[in-house]
Amino acid sequence: MRKIQVTIDDETVRLLEALAVPRASNKSFVVREAVRRMAEQEGFEQYLDWLEQQPDVRMSLERARADEREGRTVSHEQVLRRLRKSKHR
């Protein structure tokens, strides 16, 4: 482990302290976890960017948007109702 020094604003200090309380006041743990999660999120966003550039995915998204514009979609609630009905048959 290495020790580093950072400068953060008062609001971030407040948030850090609040997040550390249920974690035995371990601020280092909170910072490590936040950096890990941010790195994971960054990797996921890069994957989504790559995925969006794939021709098949792009065409599928365009068809889905057209279906939505034309009213050819089913709401989540409608799907749940249909599933419940089919379960009881």
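The values are calculated or read from the model by the stated rules, or taken from the named source; none is laboratory data. The shown structure was predicted, so the numbers you read here are calculated from the model rather than taken from an experiment. What goes into the accessible areas is simple: the full protein's heavy atoms, side chains included, and nothing from ligands, DNA or RNA. Shrake-Rupley method; radii C 1.70, N 1.55, O 1.52, S 1.80 Å.
Numbers below:
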{"item": "Helical mean residue ellipticity (222 nm; -39500 (n - 2.57) per DSSP H run of 4+; nearest 500) of the chain", "result": "-24000 deg cm²/dmol"}
{"item": "Rounded to 10°, Cα long-axis angle of helix 55-69 versus longest principal axis of the chain", "result": "70 degrees"}
{"item": "Helix 76-87 axis, angle to the chain major axis (alpha carbon atoms, nearest 10°)", "result": "70 degrees"}
{"item": "Highest-MSF residue in the chain out of Glu33, Glu45, Glu77 [GNM, Cα springs under 10 Å]", "result": "Glu77"}
{"item": "In degrees, nearest ten, helix 10-20 long axis to first principal axis of the chain (Cα)", "result": "80 degrees"}
{"item": "Protein accessible area in the chain, 1.4 Å probe - carbon and sulfur %", "result": "54 percent"}
{"item": "Accessible surface, the chain, averaged per residue in Å² (probe 1.4 Å)", "result": "97 Å²"}
{"item": "Cross-link reach list, lysines versus Lys3, counting only Cα pairs under 26 Å and skipping chain neighbours closer than eight places", "result": "Lys27"}
{"item": "Equivalent ellipsoid semi-axes - Cα gyration tensor, the chain, angstrom", "result": "44, 22, 13"}
